[in-house]
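Below: one structure, written as structure tokens.
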Amino acid sequence: MSDAIRDAAEPPHRAVGLLYQNHHTWLVGWLRRRMDCSHSAADLAQDTFVRLIGGSLPELREPRHYLVTVAKRVLIDHFRRRTLERTYLDALARQPEAEEVSPEVRLQIVETLLALDAMLLGLGHKPRQAFLMSQLLGMNYAEIAERLGVSVSSVTKYIARATEQCLLFALDADL
């Protein structure tokens with residue numbers, strides 16, 4: 001087989017199938033070395049190939065390099081989700097017994113937090129930091145401007161943009 005995985009005439013699902021056949025075992029091993037869990041590595045390898053199915057696969061001269069790039073993104077999402085879930089569950093564990101929520105509600109909250117996290121990531125670094133400093137740390141705009149090395153006017157714009165995104169998110173999520 002040539003170094004190029006896909007030529008222009010080949011259907012994308014066939015190219016992903018060949019990529020899977022030729023590199024799945026290798027990718028699971030690569031992920032296992034980073035995760036110390038063969039089951040999670042196998043799951044994340046599957047998630048990596050699922051991501052490839054939905055998109056257009058370019059011609060690949062270095063398929064393993066491409067797979068590592070996609071797998072790293074899957075790993076980042078996995079670790080972000082796991083951290084967010086752990087943080088939420090830790091906060092939930094500190095709640096009094098009377099405030100315990102059902103597993104269904106807990107899942108809905110975690111999914112909402114993940115969606116909020118993704119929405120905030122889309123804002124860019126400084127707007128996201130400004131919003132979080134304002135909402136979570138209670139900092140005023142002047143303090144945020146100083147910390148970020150920007151003007152108060154910029155902080156005002158950042159917060160307005162983040163607030164608009166939150167409102168759109170709430171409308172879309174029907175909160």
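Here, each number is a calculation from the coordinates, and none is a lab measurement. These numbers were taken from a predicted model, which means no experiment stands behind them. Heads up, the Cβs are rebuilt from the backbone with ideal geometry, glycines too, and the neighbour counts pull from every protein chain shown.
Assorted remarks:
- Estimated FRET transfer efficiency when R0 is 35 angstrom, pair Asp43-Ala93 (beta carbons, to 0.05): 0.85
- Kyte-Doolittle mean at least 1.0 and Cα axial length at least 24 Å: DSSP H helices in the chain: 103-121
- In this Cβ point-charge picture (+1 for Lys and Arg, -1 for Asp and Glu), the chain has a dipole of about 680 debye about its Cα centre.
- A Cβ-based charge dipole, computed about the Cα centre of the stretch 69-172 with Lys and Arg at +1 and Asp and Glu at -1, lands at about 600 debye.
- When you work out D = kT/(6 pi eta Rh) for the chain at 25 °C and 0.890 mPa s, using the Kirkwood radius from C-alpha pairs as Rh and the Stokes-Einstein form, the result is 126 µm²/s.
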